[in-house]
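The values are calculated or read from the model by the stated rules, or taken from the named source; none is laboratory data. Keep in mind that what you see is a predicted model, and the values were worked out from it rather than measured. All Cβ positions, glycine included, derive from the backbone under ideal geometry; neighbour counts span all protein chains shown.
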Amino acid sequence: MTAAISAERLLEDLNPSQREAVTATSGPIAIVAGAGSGKTRVISRRAAYAIETGAVPADQILLVTFTDKAAGEMVERMVSLGHRSVMARTFHAAALAQLRHFWPGRHDGEPLPAILDSKLRLLVPLIGRLPGGYRFTPAKDMADTIEWAKVRRIRPARWVHEGGDRAPIPADLFARVYRDYERSKAEAGLLDFEDMLVETVELLEGDVEAAALVRSRKRWFSVDEYQDTNPLCERLLELWLGESRDLAVVGDPDQTIYTFTGATPEFLLGFADRHPGARTVTLAENYRSSPQILELANRIVADGPRGALRATQPDGPRPAVHRFADAEAELREIVAWCRAVAAAGVAPAETAVLVRVNAQLPAIEDALTRAGIGFTVRGRRFFDRREIREALRLLRRERPAETGGPLVAAVERLFVERLGLDDVAADAGSEGRERAASLELLLGILEDLAAADPALAIDAVLAELDRRGASEAADSADGVNLLTYHRAKGLEWDAVYLPALDEGMLPIRQAKEDEEIAEERRLLYVGITRARRFLALSSSSRKPSRFLAAIEPPRAATPRAARGVAGRVRVLPGAPMAVPVAPDDSLLEALRRWRRERASADGVPAYVVAHDTTLAEIADARPRSLPALRRVRGMGPTKLERYGPEILAVIDAAG
């Protein structure tokens, strides 16, 4: 078989846009690849086509991927195409290999320092020395901010002037922790993940011979997920390229969801300006989702730079948008939906429920457990979370002697005094918000246990929590996938449910700037495009997400247009409360309305504000003062301070 005939086989099953991208084997090219458009196939076929047409030797190719998993899959693709010697690596892995080669020669024969597996090991003791409540700042939020700074090459000494208000603590305190972290790392002889890139960039910027050697070994580059490239990676790529113009970047600006780590889509959007003569090829044919699902996806990013996705799959069931009276009704629908898609032949492993933050998962886990539906948590399970492990260790050590309602109050005081529950407020970073929600949920579980057993003691609490933890771990072996939008990136399922599309949750309350809101919109787009056949979305708030306006049929549509939209999307009112509201229940209904509004404003699930049992007891007792409200089970000191005046105002308004 001649090389030309061999290469031609790589084009046989490609659409025209894919073929154009694959055959563009030289010069700069930007491949704008929509969700499900076959970008992995294009990247691997393009590399194989370049080799087989003589454009580049296999050993001079570097395929850069976003994750180690993606790199492994790309190597497998190249092997299946007959090209075992093509290298696929992440930016970090490629930089690390180069550092290991050059480091001894620049450091008196010393080997490269060990790589720090997690910043938390050094940050936790430093954060513990901060004043007041700042010592409870989640280390993950601090680590994320340090990462953001380092990919922009912002040193600790310049943080106050260049970092702005991105840190979860005051700028001067953060600069101190950042400086001490760098000092501790140096004293321990360690490098962190960003150091791999920083040190490699500085090496290639300052050593002409090293840069020339690197460029002689690799001269043909392809970079996947380019919309998530950060400034440090972009600088490293420039140094690898040198004078070479053989660069292909592949990405989708509508899937930029990692700007909190320093990523920016501007490198993809401005590629042609930085590389004169660059070609741009758009992959818009979607091979994953039904036309009905793509119609929703296209509405969400209607003004995006890539344009609409085009369906290639057959028609599927109409997606549904539900509105529910409260979170409990929404949980019942999630259970019913999981059963319905299973009855339609969808395997549990091909089903997913996606959420904005991890703190939303425990309530869903609990609902599925009670319904006997197995699930897999992709990420940290509730009882594996650091703050929950800390809380359980605290309870085992302190063993409060109170029982029933007083036990719950005693536990809440412990959480406030020892775990800083009051100090990990909603204005903290993402990890701080999830930490607070997790501790509040644990208190909610205790409230439910105490409501069922007025003589509840700490031994019974610990036994029940251990049982739930073991059950959670066992259920996670297989079943319905539960995960966040961010973890769902790059994955797909036959059936996807997107709950809690409420203002304050998606978009998250902390998103205020235009670009922050735009990223929240892109998160929803990513969630929608994970689904192949079945899709459901829901809101359980009086303030549904503003993004739902892009999905629901416009009120002023012409009859014909309205029929076209309604034919593809079912907009349902959602299930009413199971118990009808009688006149005597007007206060309880008012409290529920307040809870929905407060949860939406705080960007937390409704159960974090108050459980149904707590609201029912408030409605029954009708307390008129803070001391009287404090006597209601579930109204500990934290909730009393945070919500007490508002609850009393609701009671006064109800008469």
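Being out of contact with any Pro (no Cβ under 8 Å at 6 or more places or on another chain), surrounded by 18 or more Cβ atoms within 10 Å (Cβ to Cβ) and modelled with pLDDT of 85 or more: is that true of residue 633 here? Break it down into steps so the answer makes sense when it comes.
Numbers: out of contact with any Pro (no Cβ under 8 Å at 6 or more places or on another chain): yes; surrounded by 18 or more Cβ atoms within 10 Å (Cβ to Cβ): yes; modelled with pLDDT of 85 or more: no.
Answer is no for this residue.
Residue count for region 384-394 satisfying the condition of being among the hydrophobic types (A, V, I, L, M, F, W, C) and surrounded by 21 or more Cβ atoms within 10 Å (Cβ to Cβ): 2.
Would you mind stating whether residue 24 is among the small types (Gly, Ala, Ser) and buried (at least 21 other Cβ atoms within 10 Å of the Cβ)? No, not satisfied.
Looking only at helices (runs of 4 or more DSSP H) that fall completely inside region 288-375, which ones have 2 or more residues that are surrounded by fewer than 23 Cβ atoms within 10 Å (Cβ to Cβ) and touching a Cys at 6+ places or on another chain (Cβ under 8 Å)?
Values: elements: 291-300, 327-343, 361-370.
Passing ranges: none, list empty.
Would you confirm whether or not region 58-70 contains a residue that is surrounded by 18 or more Cβ atoms within 10 Å (Cβ to Cβ), among the hydroxyl-bearing types (Ser, Thr, Tyr) and touching a Leu at 6+ places or on another chain (Cβ under 9 Å)? Within region 58-70 (the criterion being surrounded by 18 or more Cβ atoms within 10 Å (Cβ to Cβ), among the hydroxyl-bearing types (Ser, Thr, Tyr) and touching a Leu at 6+ places or on another chain (Cβ under 9 Å)), the answer is no, since none of the residues qualifies. Taking each residue of region 407-421 that is more than 12 Å from residue 440 (Cα to Cα) and looking for partners that are among the polar types (S, T, N, Q) and modelled with pLDDT of 85 or more with beta-carbon atoms closer than 7 Å, six or more apart or interchain, yields nothing. Here residue 102 clears all of (1) crowded, with 17+ Cβ neighbours inside 10 Å; (2) touching a Pro at 6+ places or on another chain (Cβ under 8 Å); (3) farther than 27 Å from residue 25 by Cβ except the condition numbered (2). Going by the structure shown, is residue 130 farther than 19 Å from residue 194 by Cβ, of a type in the set (A, V, I, L, M) and without any contact (Cβ under 8 Å) to a residue 60 or more places away in the chain? Answer is yes for this residue.
How about region 406-519: which helices (runs of 4 or more DSSP H) wholly inside it have at least 3 residues that are modelled with pLDDT under 90, in contact with a helix residue (DSSP H, G or I) (Cβ under 8 Å, 6 or more places away or on another chain) and surrounded by 17 or more Cβ atoms within 10 Å (Cβ to Cβ)? Outline the logic, then answer.
On the way: elements: 430-452, 458-475, 485-488.
In region 406-519, the matching helices (runs of 4 or more DSSP H) lie at 430-452, 458-475.
Consider residue 163 carefully, then state whether it is free of Cβ contacts under 8 Å to residues at least 60 places away in the same chain, not assigned by TED's automatic domain parsing to the domain that holds residue 248 and not β-branched (Val, Ile, Thr). Taking the combined requirement at face value, the residue satisfies it. With respect to (1) outside the structural domain of residue 261 (by TED's automatic domain parsing); (2) closer than 26 Å to residue 264 by Cα; (3) surrounded by fewer than 19 Cβ atoms within 10 Å (Cβ to Cβ); (4) aliphatic (A, V, I, L, M), the lone exception for residue 139 is condition (3).
Could you please give the count of residues in region 73-103 that are part of a helix (DSSP H, G or I) and closer than 22 Å to residue 230 by Cβ?
Our first condition is that a residue be part of a helix (DSSP H, G or I); within region 73-103, this holds for 73-80, 91-103.
Imposing the further condition that a residue be closer than 22 Å to residue 230 by Cβ reduces the set to 74, 91-99.
Selection size over region 73-103: 10.
Given the condition outside the structural domain of residue 524 (by TED's automatic domain parsing), in contact with a Cys (Cβ under 9 Å, 6 or more places away or on another chain), crowded, with 20+ Cβ neighbours inside 10 Å and on the phi < 0 side of the Ramachandran plot, answer yes or no: does some residue in region 239-249 qualify? The answer is no, given that none of the residues of region 239-249 is outside the structural domain of residue 524 (by TED's automatic domain parsing), in contact with a Cys (Cβ under 9 Å, 6 or more places away or on another chain), crowded, with 20+ Cβ neighbours inside 10 Å and on the phi < 0 side of the Ramachandran plot.
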